[in-house]
Amino acid sequence: MKRDFLSFKDWNRDDLDSIFKRAIELKNMQRKGVVYHPLTGKALAMIFEKSSTRTRVSFEVGMFQLGGHAIFMSPRETQIGRGEPVKDTARVLSRYVNGIMIRTFSQEVVEELAGYATVPVINGLTDLLHPCQIMADLLTVIEKMGTYEGLKMAWIGDGNNMANSWIEAAGKLGFDLTLACPKGYTPDPLILGDAHKITTGKIRLTSDPFEAAKDGDVINTDVWASMGQEDEKKQRQVAFKGYQVNTELMKVAQKDAIVLHCLPAHRGEEITEEVIEGPNSMVWDQAENRLHVQKAIMEKLMGGNK
Ligand code: CP
Ligand code: NVA
């Protein structure tokens, strides 16, 4: 039976750990110039209803490096933008390609696509979740800290798609996560409730960024206004004032804490130039790890042997 990667819901800790392990192997192989083509003759359709730099390039290059081919589909040039039903697109694409990656607004669209597709579907970001990014973030944590176990993770800022996926991951993997979000911008309550039910760690919500960052091993943030929230930019700049990863905040974290940001970053808003360009910032490794972790996901879902 096909498997999808839509959220952390259907994935257990062993699955996720095996992807991290495989991603490290694939990264080492790529570094050594090993040619490895488990997806020869296979294709990935990539549907983008929102902008992207990292997701598009890392999936496209990832498919190329695995011996397959990726097809970029935007609503402007396809029938998706003219209202062809998702369930029809799902069944037609399944006749051509071996996997579908989709970035769109609603998580329901992704679930519907996966329900009708007979090939694996990968969530490349919705308003609700961004699971591939959190896989890359955790891979970066594992590389830098050796493990995610026993670490204190902090989330500073919006309770958005990134925050929700971090919560889902904390639920499954059991690390401590404290999120500092302003009132009115807290994460999805259902996701938080579900994670609380299964986690062996502590997931806490506060409105104080310093409380979240205190003794933190990983300090994580994201933009104040996500894609699709451009109209709220002004009011969000007021609401999020003080929710900034800056030198003062970093003083309360562990000295060797790592700073993560999924990018694109708005310097001077959620993070300062000094911190993002400073020694604790791992954002470039984090961005690179999208490639390696997604290769491991595609290999697992799309017919590699591992
Ligand atoms: N972090 C991330 O998903 O970046 P893009 O929007 O550039 O794909
Ligand atoms: N929260 C951001 C993440 C971008 C990668 C957004 O949805 O725009």
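Residue check: is residue 47 in contact (Cβ under 8 Å) with a residue 12 or more places away in the chain and surrounded by 22 or more Cβ atoms within 10 Å (Cβ to Cβ)?
yes
Mind listing whichever residues of the range 117-162 are more than 12 Å from ligand 2 (Cβ to nearest atom), of a type in the set (Val, Ile, Thr) and under 16 Å from residue 46 (Cα atoms)?
Within the range 117-162, 118, 119, 121, 122 qualify.
Restricting attention to the range 229-272, which residues are within 18 Å of residue 163 (Cβ to Cβ) and of a type in the set (Ser, Thr, Tyr)?
Answer for the range 229-272, where residues must be within 18 Å of residue 163 (Cβ to Cβ) and of a type in the set (Ser, Thr, Tyr): just 243.
Please tell me if residue 134 is surrounded by fewer than 21 Cβ atoms within 10 Å (Cβ to Cβ), part of a helix (DSSP H, G or I) and not aromatic (Phe, Trp, Tyr).
For residue 134, the condition - surrounded by fewer than 21 Cβ atoms within 10 Å (Cβ to Cβ), part of a helix (DSSP H, G or I) and not aromatic (Phe, Trp, Tyr) - is not met.
Just to verify a result, which residue in the range 162-190, among those that are part of a helix (DSSP H, G or I) and open to solvent by 10 Å² or more (accessible area, probe 1.4 Å), is nearest to residue 16 (Cα to Cα)?
Of everything passing the filter in the range 162-190, 172 is nearest to residue 16 (Cα to Cα).
Going through the range 44-78 one residue at a time, which ones are in a helix (DSSP H, G or I) and not small (Gly, Ala, Ser)?
Passing the criteria: 54, 55, 56, 57, 59, 60, 61, 63, 64, 65.
Has the range 146-168 got any residue that is under 20 Å from residue 86 (Cβ atoms) and of a type outside the set (A, V, I, L, M)?
yes
Can you name the residue in the range 79-124 that is within 16 Å of ligand 1 (Cβ to nearest atom) and part of a helix (DSSP H, G or I) and, of all such residues, is surrounded by the most Cβ atoms within 10 Å (Cβ to Cβ)?
110
Considering only residues that are touching a Leu at 6+ places or on another chain (Cβ under 6 Å) and in contact (Cβ under 8 Å) with a residue 60 or more places away in the chain, which ones fall in the range 93-106?
Correct list: 99 only.
Among the residues of the range 204-218, which ones are open to solvent by less than 10 Å² (accessible area, probe 1.4 Å) and assigned to a strand (DSSP E or B)?
218
Name, by its number, the condition in (1) among the small types (Gly, Ala, Ser); (2) under 22 Å from the mean Cα position of the chain (by Cα); (3) away from ligand 1 (no atom under 16 Å from the Cβ) that does not hold for residue 41.
(2)
So in the range 51-68, with the set limited to residues that are under 10 Å from residue 101 (Cβ atoms) and hydrophobic (A, V, I, L, M, F, W, C), which one is nearest to ligand 2 (Cβ to nearest atom)?
Here the answer is 59.
The values are calculated or read from the model by the stated rules, or taken from the named source; none is laboratory data. These figures come from a predicted structure and were not determined experimentally. All Cβ positions, glycine included, derive from the backbone under ideal geometry; neighbour counts span all protein chains shown. Just the protein is used for accessible areas: all its heavy atoms, side chains included, with ligands, DNA and RNA removed. Shrake-Rupley method; radii C 1.70, N 1.55, O 1.52, S 1.80 Å.
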